[in-house]
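Below you'll find the structure, written out as structure tokens, and then a few comments.
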């Protein structure tokens, strides 16, 4: 192909590359904001079925949104009130034990004696001197890491507040936002587009409600069973079971493992017998959840083959972490809806 104006072609190509680099840099700069918006949109679609249920009970949209948001915040506040006192009590006990240990006048001598009994050929004095020198030499780095962790915690709380505000706004304005998007589609294709969009948003909402239902079932049953076997921190462990059940595929297994390990902590009323009883219960519960509870609850929400669920959850977790794993399955369900109702019929017409 003959180029009639090489300079203009090169200029246009350079401007195109520069514009692409600028767009990529802008997306990277806005990644946190886009993550906030995506999380809020996902949560608002998850709350929409509950809001629609209240609207069918003749509540106005604003009141249905208000009741839903207050209910969610009340549940979250209840969880916090359950967990925080136990954590504060345990941290206070830990601080008291550490303070009593450090204030002992024979601390270094006892430490040296203990290490010598375990490692008789070890030069304990040299190890303690080097450890002290390392601590002094890396004090600045340790301080910076503590400061960074504190800033991350504050940033996480600020992000959670932003997501909460966006979720309230998006939940309240979901119908108007849908209508605005639908107006961008040509009138001849608008009906079909609206039907597909409603199916996709409904699948996301029902998926979120299904996962919350699974988590609530696991949390309530855990609370009852752990109380029966007199496990420690029953309420906290039930909350752990609830939140980990929200994570697809590995959430229940991870939460169950944490609960069983917590039943082995010495000094808090735990015992191997309690841990064994908890392990047997969760092995049975995971089978019932996988083959009985989950199919019945999730059959209305999403219809996704098991292999696609695994691949989608792994891909979403690799790309966006925990949030990606949570939204991967409804995204896969949405893609399957488009594949079954748009692509296959179009291919059959050719």
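Can you tell me which condition residue 64 does not meet? The list is (1) surrounded by 11 or more Cβ atoms within 10 Å (Cβ to Cβ); (2) at pLDDT below 80, and all the others hold.
Of (1) surrounded by 11 or more Cβ atoms within 10 Å (Cβ to Cβ); (2) at pLDDT below 80, only one is false for residue 64: (2).
Of 181, 236, 220, which residue is surrounded by fewer than 17 Cβ atoms within 10 Å (Cβ to Cβ), in contact with a helix residue (DSSP H, G or I) (Cβ under 8 Å, 6 or more places away or on another chain) and under 19 Å from residue 82 (Cα atoms)?
220
Give the range 39-69 a look and list any residue that's without any contact (Cβ under 8 Å) to a residue 24 or more places away in the chain and within 19 Å of residue 243 (Cα to Cα), or say none. Quick ask: steps written out before the conclusion?
Here is the first cut: in the range 39-69, the residues without any contact (Cβ under 8 Å) to a residue 24 or more places away in the chain are 52-60, 63-64, 66-67.
Across the range 39-69, there are no qualifying residues.
Got a sec? Which helices (runs of 4 or more DSSP H) wholly within the range 75-172 have at least 3 residues that are assigned by TED's automatic domain parsing to the domain that holds residue 53, modelled with pLDDT of 70 or more and under 30 Å from residue 62 (Cβ atoms)?
Values: elements: 107-118, 124-137, 139-172.
The qualifying helices (runs of 4 or more DSSP H) are 139-172.
With respect to residue 211, is the statement that it is on the phi > 0 side of the Ramachandran plot and out of contact with any strand residue (DSSP E or B) (no Cβ under 6 Å at 6 or more places or on another chain) true?
No, not satisfied.
Listed here are the residues, each with its yes/no results for (1) more than 27 Å from residue 222 (Cβ to Cβ); (2) part of a helix (DSSP H, G or I); (3) modelled with pLDDT of 75 or more; (4) not assigned by TED's automatic domain parsing to the domain that holds residue 229.
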{"position": "281", "(1), (2), (3), (4)": "no, yes, yes, no"}
{"position": "289", "(1), (2), (3), (4)": "no, yes, yes, no"}
{"position": "318", "(1), (2), (3), (4)": "yes, yes, no, no"}
{"position": "325", "(1), (2), (3), (4)": "no, yes, no, no"}
{"position": "333", "(1), (2), (3), (4)": "yes, yes, yes, no"}
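List, please: which pairs have Cβ atoms under 6 Å, are six or more places apart or on different chains, and start with a residue in the range 215-237 that is farther than 26 Å from residue 297 by Cα and end with one that is modelled with pLDDT under 90 and assigned to a loop (DSSP other than H, G, I, E, B)?
231/263; 232/268; 232/269; 232/270
The values are calculated or read from the model by the stated rules, or taken from the named source; none is laboratory data. None of these values were measured; they are calculated from a predicted model. We place every Cβ from the backbone using ideal geometry, glycine too, and count neighbours over all the protein chains shown.
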